[in-house]
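J.: There's a structure below that I have some questions on.
The values are calculated or read from the model by the stated rules, or taken from the named source; none is laboratory data. Computed from a predicted model, the values in this text were never measured in an experiment. Cβ atoms come from the backbone with ideal geometry, glycine included; neighbour counts cover every protein chain shown.
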Amino acid sequence: AQKVTQAQTEISVVEKEDVTLDCVYETRDTTYYLFWYKQPPSGELVFLIRRNSFDEQNEISGRYSWNFQKSTSSFNFTITASQVVDSAVYFCALRDDYNTDKLIFGTGTRLQVFP
Amino acid sequence: DAGITQSPRHKVTETGTPVTLRCHQTENHRYMYWYRQDPGHGLRLIHYSYGVKDTDKGEVSDGYSVSRSKTEDFLLTLESATSSQTSVYFCAISENPPPDTQYFGPGTRLTVL
């Protein structure tokens, strides 16, 4: 069965610290897609990244980077030099079925960045 | 940002009353979805639509129905609201078939007393 686990319920850091949010997934399929979304205190869901299972290159976008490792079924998200504006709930999600459009979400990690 | 609006943004209702939530998009995307967000569950798919009059059930569809008579509007109806349907409801859209990225609306906070 498909499953996404975000074991870290809440993380608190001080501004400028680096922080890594963990995401572990389960799937039987060889073709699948992984996503990260950000939900700031205002409540909307903001798309951050999509990766497919055939592309294991790590991705960097400014202070954000993602480490995809199929060997450990993980797709971790690192924020470098965190800022107060990074405070949000972050969701990891999986899609592995071409016949439905079901996104499987993890339960989210709440990140609090203190000044 | 994707042009997605949801109405109402907040609603309080009583058990047993019908409630309709509206999702409106200006992107002309074919695919639309309704999710609910609850603590400890992340987001779960309620219903989805692949086009006008083409809808299907998600994983938590009991007690909900949907309709899509126009490309831009996707309505979610709680036929007889219950307290367990107190939640935040998100609409999402995607331009292409799965597994295209879904973009989310601002959400509707529904409280059923």
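J.: Of the residues that sit in the range B:104-113 and are away from chain A (no Cβ under 14 Å) and aliphatic (A, V, I, L, M), which one is farthest from B:CYS23 (Cα to Cα)?
T.: Per the criteria, the residue is B:LEU113.
J.: Being within 24 Å of A:ASP29 (Cβ to Cβ) and at the interface with chain A (Cβ under 7 Å from one of its Cβ atoms) is the filter here, so list the residues in the range B:87-103 that pass it.
T.: Selection gives B:PRO98, B:PRO99, B:THR101, B:GLN102, B:TYR103.
J.: Take the residues in the range A:4-28 that are surrounded by fewer than 17 Cβ atoms within 10 Å (Cβ to Cβ) and within 11 Å of chain B (Cβ to nearest Cβ); name whichever of them is farthest from the chain's Cα centre (by Cα).
T.: Result: A:THR9.
J.: Now a separate question. How many of the residues making up the range A:1-25 are part of a strand (DSSP E or B) and free of Cβ contacts under 8 Å to residues at least 60 places away in the same chain?
T.: Counting residues in the range A:1-25 that are part of a strand (DSSP E or B) and free of Cβ contacts under 8 Å to residues at least 60 places away in the same chain gives 2.
J.: Would you mention how many residues in the range B:1-35 are basic (Lys, Arg) and outside any strand (DSSP E or B)?
T.: Of the residues in that region, 2 qualify.
J.: What do you reckon, is A:THR31 more than 22 Å from B:VAL60 (Cα to Cα), surrounded by 18 or more Cβ atoms within 10 Å (Cβ to Cβ) and among the polar types (S, T, N, Q)?
T.: no
J.: When A:LEU48 is evaluated against the numbered criteria (1) of a type outside the set (D, E, K, R); (2) within 11 Å of another protein chain (Cβ to nearest Cβ); (3) part of a strand (DSSP E or B); (4) in contact (Cβ under 8 Å) with a residue 60 or more places away in the chain, which criterion, by number, is the only one it fails?
T.: Among (1) of a type outside the set (D, E, K, R); (2) within 11 Å of another protein chain (Cβ to nearest Cβ); (3) part of a strand (DSSP E or B); (4) in contact (Cβ under 8 Å) with a residue 60 or more places away in the chain, the lone unmet condition for A:LEU48 is (4).
For every residue, the table says whether it meets (1) modelled with pLDDT under 95; (2) in a helix (DSSP H, G or I); (3) within 12 Å of chain A (Cβ to nearest Cβ).
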| site | (1), (2), (3) |
| --- | --- |
| B:GLN37 | no, no, yes |
| B:LEU45 | yes, no, yes |
| B:TYR48 | yes, no, yes |
| B:ASP56 | yes, no, yes |
| B:VAL60 | yes, no, yes |
| B:SER67 | no, no, no |
| B:THR77 | no, no, no |
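J.: Out of all the residues in the range B:79-96, which are hydroxyl-bearing (Ser, Thr, Tyr) and at pLDDT 95 or above?
T.: Across the range B:79-96, the qualifying residues are B:SER80, B:THR82, B:SER83, B:SER84, B:THR86, B:SER87, B:TYR89.
J.: Of the residues that sit in the range B:102-111 and are of a type in the set (Ser, Thr, Tyr) and crowded, with 18+ Cβ neighbours inside 10 Å, which one is modelled with the lowest pLDDT?
T.: Applying the filter and picking the extreme gives B:TYR103.
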